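Here is the structure we will look at.
The values are calculated or read from the model by the stated rules, or taken from the named source; none is laboratory data. Everything numeric in this text was worked out from a predicted model, so none of it was measured. With ideal geometry, Cβ positions are generated from the backbone for all residues, glycine too; neighbour counts draw on all protein chains shown. Side chains are part of the model used for accessible areas, which takes the heavy atoms of the whole protein and leaves out ligands, DNA and RNA. Shrake-Rupley method; radii C 1.70, N 1.55, O 1.52, S 1.80 Å.
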Amino acid sequence: MTTMRNRLRLLEDHCDPRASFALVYLRTTETFRDAVATPDYFADPAWVRAEAALFAEYYFRAFDGWSDGRLADVPPAWRTAFAAASAPTVSPAGDLVLGMHAHITRDLPFVLAAMGLTGPDGSSHKGDHDRINEVLAKVAVSLLKQPGTPLGSLPDEAANRLGTDREALVPTLVAARENAWRDAERLGWSPPATAGNAR
């Protein structure tokens, strides 16, 4: 989380449009940290923590690849998001939506496939995956209650970008995360009992 804070500070100091996504990601991670620390909130908190760390690493890699000019190392979805952030016609809400799209739609399936969708005993991690939706809902509620902050107008603007309203923001994210799980299954992951270690 310190890495996220330091990166956000640099973006804010330079008035970088990518700060909108970085700020929401930090708030989400803070809420996620509290949930993981709650006894029995997740069935397998170690898996959830490892997933979150790898998920963040995917974002950092894309961000650093773009910043260093290593475009071949940046997935197309992130190239689109970062290029838009440098365009004066794209609002902070637009940057946020593009970042969420790249991270959830592109990165998350690969992260889930790499982590494995079941534990050593064959139990599915789907329950914990779905519980993270509750964390996202808490973050959304928190942002909606902060009209006087830099994040205050983002939920409504982001919803508008998605062609919906603020009440549908969380269901939209939940649907995207459900699709990510299904995409992870389609990436060729199989339970350890039939395919050895997950890819």
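Ordering Leu10, Leu169 by how much accessible area each has at a 1.4 Å probe, largest first, what is the list?
Numbers: Leu10 105, Leu169 20 Å².
From most exposed to least exposed: Leu10, Leu169.
Pull up all non-local amide H partners of Thr118: gap of 5 or more, or a different chain, and H-to-H distance under 5 Å with H placed in the peptide plane.
Those lying under 5 Å, H to H, from Thr118 are His125.
Step through the residues of segment 25-30 one at a time and calculate ³J(HN,Hα) from phi using the Karplus curve (6.51 cos²θ - 1.76 cosθ + 1.60, θ = phi - 60°), rounding each to whole Hz and writing x for Gly and Pro.
Once rounded to whole Hz, the list reads 5, 5, 4, 5, 5, 5.
How much accessible surface does Ser142 have with a 1.4 Å probe, in Å² rounded to 10?
Here the accessible area works out near 50 Å².
Along the Cα→Cβ direction, 7 angstrom out, place labels at Arg9 and Ser124. What is the inter-label distance in nm?
With each label point 7 Å from Cα toward Cβ, the separation is 4.3 nm.
Averaged per residue, what accessible area in Å² does segment 78-117 show with a 1.4 Å probe, protein chains only?
Numbers: 1410 Å² over 40 residues.
The answer is 35 Å² per residue.
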